[in-house]
Amino acid sequence: MLLIHCPYCEEDRPEVEFVYGGEAHIARPLDPATLSDEEWEHYLYIRRNPRGRHHERWRHTHGCGRFFNAVRDTVSDRFEQTYKAGEPRK
Amino acid sequence: MSDVLAIPALAVAGTDLALEAQAVTASGVALTLEAPASRWSLRARTAQALSGVIGRAVPARIGETLDGIACLGPDEWLADLPAGTALPDGAGQPVSVVDISARGVVIRVEGAGAATVLSSGCPLDLDRFAVGRATRTVFETVEVILWRESATVFRVFVWRSFAPWLWHALKAAERG
Amino acid sequence: MSGYRLPAGGRVNRAAPLDFTFDGRAHSGFAGDSLASALVASGQMLFGRSFKYHRPRGILGMGTEEPNALVTVDRGGAGPGWGRRTPNLRAPSVPLYQGLTAQSQNRYPSLKFDLGAVNDRLGAFFPAGFYNKTFMWPRSAWEKLYEPAIRRMAGLGASPTERDPDHYDATYAHCEVLVVGGGLAGIDAALAAAADGGRVILIDEQDELGGGALSDQALWGEVADKTMALRRLGNVMVLTRTTAFGYYHQNFVGAVEQLTDHLAPAQASGARERLWRIRAGEVILAQGAIERPLVFDGNDVPGVMLSSAGRALAVRYGVAVGRAVAVMAVHDSGWRDALALKAAGVNVVAVIDLRGEVAADLVAAVRGAGIAVHLGHAVTQVAGRHGVSGVTFAPGGTGQGQQLAVDALLMAGGWTPTVHLWSHAKGSLRWDDTWGAYLPDVAQENCRAVGAGAGAWDMGAGLALGTLPGPKPIWQTKAFVDFQNDVKARDIDLAVREGMRSIEHIKRYTTNGMATDQGKTSNLNGLQIASGSLSKPVTDIGLTTFRPPYTPQTFGALMGHHKDALFQPIRKTVIDGWADARGAVFENVAQWRRARYFPQGGEDMHAAVARECLAVRQQVGMFDASTLGKIEVVGPDAAEFLNRMYTNPWKALAPGRCRYGLLLREDGFITDDGVSARLAPDRFHLTTTTGGAARVLAMMEDYLQTEWSDLDVWLTSTTEQWAVIAVQGPLARAVIAPLVEGIDLAPGAFPHMAIREGTICGVPTRLFRVSFTGELGYEVNVPAEHGRMVWEAIHASGQAHGITPYGTETMHVLRAEKGYVIVGQDTDGTLTPDDAGMAWAVGTKKPDFVGKRSLARPDMSAPGRKQLVGLLTEDPQEVLEEGAQIVADPDQPVPMTMLGHVTSSYHSATLGRSIAMAVIADGRARDGQVIHVPMPGRTIRARVSASTVFYDPQGSRLDV
Ligand SMILES: [Zn+2]
């Protein structure tokens, strides 16, 4: 079980308190109606799925309840860092 | 009635787990079901915004408690106040005041082994969990709020329907 | 003493004899014995039959590494159908207790006479890759002939069929330093760590600390002193009989502590095992090393065993491994063992060593002890089948052989540091020529290895061999590498000749190292043999991956709390006890237990549901709807938020009014629904489906926190704050009227789809006038602590009106008569609002809502989509099966073209016939057409109805 640093609680907490939330920094388009079908498909379904550094969302569901972002290495399963929602991509 | 298989004496018996007023864990730690109280989920962008609406001081740091109010998240507080206490509903204000007095119960875990009993299913390092601190966490698959009242007393807030399972899981804990 | 117990010595308590049985025969041993040592003491050398060839096998080792001596221990039941029978236990690791009952495995009909041993004679037909090759034979032959025969003949112990009466404890623990392994290296590490004042946990799999030192009498005093010192320290926790089975990220270590299996069942109380989930600041691995067998023809005859095993038997247990014992060594430790055995009183007759030169002091000491020394020799043959009767050894393994009359042969093949946990945690390894093994190199966690497991222990010098040299070519030998999976040196050689190059391929082709012992004694020898066959250095062959668990663990231990009544929380409403007392039949919905129907006087479900349905349609019924998910949405932007989440408009909803909300995922498919009320301009009371409560809250939090964090609105789960009592039927108003205060119930003042706050039975209520039945109805929300009282009051008030409690089954029928959808039953995550016939719930004028853009994708309105429609069978008494497939033409050949399937189907007492809903391709366009539902042996005809509403299509019964 991983330890995950919650940027809101400012401490390492056990993984079972968290829920994974998929790739980070995919903002919902402000006006979806203006998107082509291809653009909408890309927003909805297409993900990077990288080998290595991955920006992803987690939620401290059974803690402070906040969504935040993390950089995790998908090979080593190590967290490089976590940061609050709304902060720029690290 | 559902089929209840005969479960031998050693196992936790019966499918009809029920809450009791008091019990002692397998390890000798006392469990008590606390009396109902006035409990509120309080939400606001800042402690000041909330404080201004409810007219009470509230802690600003996650995990801190102050006069019956615990800060659970950057915009979330739990108020645990004497039964009958009312709070302003904050109508029209950028806050959320919701009565959750009936949503759950509080199990009081008391004894020298209280932290150890909770560690049977809670992954936090409770030796290092300061007196006066509160947090939302889990006991196995059940979400709880832990509130450490003293070195030997933890209060465990749990939603009503999960309480019987939690009560009996705590009761079965053999270390503590 | 009879048998092989030495007259004195060992750590057993000779004043405490213990009786036990093995295969029904009575034996006795002493407290402190293991099952293996007690059996050897009574002369039992044959412990089991091997997996594939059914060869007779004795013990190989006296520790965790043991591959052969697997037994089933029966600790008795707790009544019929309950049992404590554990297969595949390693006899050396089973502590002896009074009355222990053990059986050998994998033999038929008896251990001595085993029919399966014919496999051994047919060994030529079971070479490496046998299974892979066999699969290429005619399939019918495999199914009918080979597989049944193999299944009967091969295999280890049988799984228990009885229920396990034991319970299991679990715990988390935290420490600054965790030491795994309680030999002297581990003890020293724990003592040093404790001096820093932090919390230290020391775990060891044996029943006492000491590890290898328990086999060295000179070290007993040191072990005792240091164990005492550890136990005196307040910051050290010592866990014996505890196996660290896995080492995971960030120093998280899983371990299982045996609590009762070492006790006679009558003395055992409490949990059987405890799962430890330990988070450590630093992990120190002191797991020691495991001796390697030597690979030569006949190395598996019972009585041939690891030298360390012979030593443990003699020194720790006071048992002679034989009347006349020889040692075959390529490592100094065998010489030391010979001396230790001799000192313990065992008749060691010879030490044979392949090496031409061995340290002079060892040679002198052994000779001085009266033991013959044969340098430069190797054992070439072992006489005996059920036990050793003699050995042949020859110069260099190939010269003129001499015979030696012995009944036990110890193998000293060198040592393999135990790096399993190190490798679980992705620590790298380096090859060490001195050890002839891999040693820990660079750790990935805050972890270090100490002692023999780190290569930092004086075990002496030796060779690292693949096989002992012998007179026969490898393919004529029965020289075993993996004893548990019956893999021979020639199988590995064959694998190489058949093209396997990587050790991972060789492992899977030969199954070397794939048994329950995970190759603890076979991996290194297998590598060396492959290296020889490939003429490549060992380091070029690779190393197989070590994975948890280090040793097999029980399912019970891994489940911890989650067994029997505590298997998982069963959520009950505050009204559940009332229903239980009334004999309700329950069903599980998500984690909730819900009353399904209330049978009276021997009614079956059909009869009870028919009665309950008619009562609601004609008088009044009451239903526990407390499990509905509830979310309080509060803040100035509450209406704006709901408007973005739901398909329909919310901003204009007046306080005091309710609205049905349909929730889509962003992909446009229905994910939830529910009726919600506006309590105030900035406060809504949402409801969700019972199963969707947590998912919907999480989804809404996601949008709120990450997409629309500018909105001033907050979400609070109030599912369990409110008990909900649905009172439904034409007399509903009359039932609640006497109980309600502060609310005008008159239809004009309180219309359908409205909410009022007031009191009922003197407690606060949020009273919804809503209906999931199509009748006049109310949903009485009261704080949960009052739910039971209000339920009983309504029930009492309703007596005059014939009130009938009903369950989820009746609720389902009533709503189906009205064509109301249940999300998750009539929808399956692929239905749009239009597919479900609910285009009316979509606010087409809204610029955006979750899922709106997806509804505009071409596929979402393409012809051929499955649509929810009604189905009426031609035979009105025929009730279709939910899930049944639907076709247009029942005469087409299989596989038929499926049009869709039945989603809901019931007998409607109100309509006097069956009704159903189904999703069917272009369903609404098939209005009035006959479709067919093929069932085993027959086909059912039914007619499509574009409308799913079977009862009161005008909704006039709601408007009263
Ligand atoms: Zn947090």
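The values are calculated or read from the model by the stated rules, or taken from the named source; none is laboratory data. Note that this is a predicted model, so its numbers are computed, not measured. Using ideal geometry, Cβ is built from the backbone for each residue, glycine included, and neighbour counts are taken over all protein chains shown. In case anyone asks, the SASA skips ligands and DNA or RNA and just uses the protein heavy atoms, side chains included. Shrake-Rupley method; radii C 1.70, N 1.55, O 1.52, S 1.80 Å.
Peptide C:848-861 shows a mean partner chain C-beta count of 3 within 10 Å per residue C-beta. With the convex hull of the Cα atoms taken as the outline of the protein assembly as shown, the averaged projected area works out to 51.7 nm².
The phi-based Karplus calculation (6.51 cos²θ - 1.76 cosθ + 1.60; θ = phi - 60°) puts the 3J(HN,Hα) values of segment C:657-663 at 10, 10, 8, 7, x, 10, 10 Hz, whole numbers, x for Gly and Pro.
Between C:Ser110 and C:Ser956, the simple spin-label model (points 7 angstrom out along Cα→Cβ) gives 8.9 nm. Taking other residues whose beta carbon is less than 14 angstrom from the beta carbon of C:Leu230, and scoring Lys, Arg as +1 and Asp, Glu as -1, yields -1. Quick check on segment C:389-521: take the gyration tensor over C-alpha atoms, sort the square-rooted eigenvalues as a ≥ b ≥ c, and tell me if it's rounded (a/c under 1.5), prolate or oblate. Verdict is oblate for segment C:389-521. Among C:243-251, C:832-840, sorting by the average number of other beta carbon atoms lying within 10 angstrom of each residue, highest first, gives C:243-251, C:832-840. Using a probe of 1.4 Å on the protein chains alone, the accessible area found for C:Ser308 is around 30 Å². A prolate overall shape is assigned to chain C, the ratio a/c of its alpha-carbon gyration tensor axes (a ≥ b ≥ c) being 1.5 or greater and a/b exceeding b/c.
With a threshold of 32 Å on the Cα-Cα distance, the over-threshold entries among C:Lys112/C:Lys488; B:Lys171/C:Lys226; C:Lys226/C:Lys520; C:Lys563/C:Lys818; C:Lys342/C:Lys507 are B:Lys171/C:Lys226; C:Lys563/C:Lys818; C:Lys342/C:Lys507. Each 5 Å bin from zero up to the one holding the largest Cα-Cα distance in chain A carries the following percent of pairs: 3, 13, 23, 21, 17, 11, 7, 4, 1. Relative to the dominant Cα principal axis of chain B, helix B:163-172 is inclined by about 50°.
Count the net charge of all other residues whose Cβ sits under 9 Å from the Cβ of C:Leu686, scoring Lys and Arg as +1 and Asp and Glu as -1. Summing Lys/Arg as +1 and Asp/Glu as -1 gives 0. Under a 5 Å amide H cut-off, with hydrogens placed 1.01 Å from N, C:Asp672 pairs with C:Leu663 among residues at least 5 apart or on other chains. With R₀ set to 56 Å, the beta-carbon distance separating C:Glu603 from C:Lys536 gives a calculated FRET efficiency near 0.15.
Quick check: from the Cα gyration tensor, does segment B:38-99 come out rounded (a/c under 1.5), prolate or oblate? Because a/c hits 1.5 or more and a/b fails to exceed b/c, segment B:38-99 counts as oblate. Between the listed residues C:Ser676, C:Gly197, C:Pro469, the Cα displaced farthest toward the positive end of the dipole of chain C, a dipole computed from Cβ unit charges relative to the Cα centre, is found at C:Pro469. Other protein chain C-beta atoms within 10 Å of residue C-beta, averaged over A:55-68: 5. Where the centroid of each part is defined by its Cα atoms, how far is segment C:363-393 from segment C:517-585 in Å? First find each Cα centre; the distance between them is then 42 Å.
Can you compute the FRET efficiency between B:Ala151 and C:Asp848 using 1/(1 + (r/R0)^6), with r the Cβ-Cβ distance and R0 = 60 Å? Round to the nearest 0.05.
Once rounded, the FRET efficiency stands at 0.65.
Accessible surface of C:Lys478, taken over heavy atoms with a 1.4 Å probe and every protein chain present, rounds to 60 Å². Averaged over the residues of C:899-912, the number of partner chain Cβ atoms lying within 10 Å of the residue Cβ comes to 0.
Relative contact order for chain A: 29 percent, from Cα pairs under 8 Å spaced at least 6 residues apart, divided by residue count.
Protection proxy ranking of C:191-201, B:90-100, C:52-62, by the mean of other Cβ atoms within 10 Å over each peptide's residues and highest first, is C:52-62, B:90-100, C:191-201.
A crude spin-label estimate for the pair A:Lys90 and C:Gln618, with each label 7 Å from Cα along the Cβ direction, gives 6.9 nm. Below 9 angstrom from the Cβ of C:Ile474, what's the summed charge of the other residues (Lys, Arg +1; Asp, Glu -1)? Surrounding charge for C:Ile474 is +2. Shown here are the Rg and Dmax of the Cα trace of segment C:863-960, at 13.9, 53 Å. A protection proxy built from the mean count of other Cβ atoms within 10 Å ranks the segments C:809-818, C:686-695, most packed first, as C:809-818, C:686-695.
When nucleic acids and ligands are ignored and a 1.4 Å probe is applied, C:Arg25 ends up with an accessible area of around 150 Å². Normalised per residue, the accessible area of chain C is 36 Å², obtained with a 1.4 Å probe and no contribution from ligands, DNA or RNA. Taking label positions 7 Å along the Cα-Cβ direction at both A:Tyr43 and A:Glu23, the computed distance is 1.5 nm, reported to one decimal.
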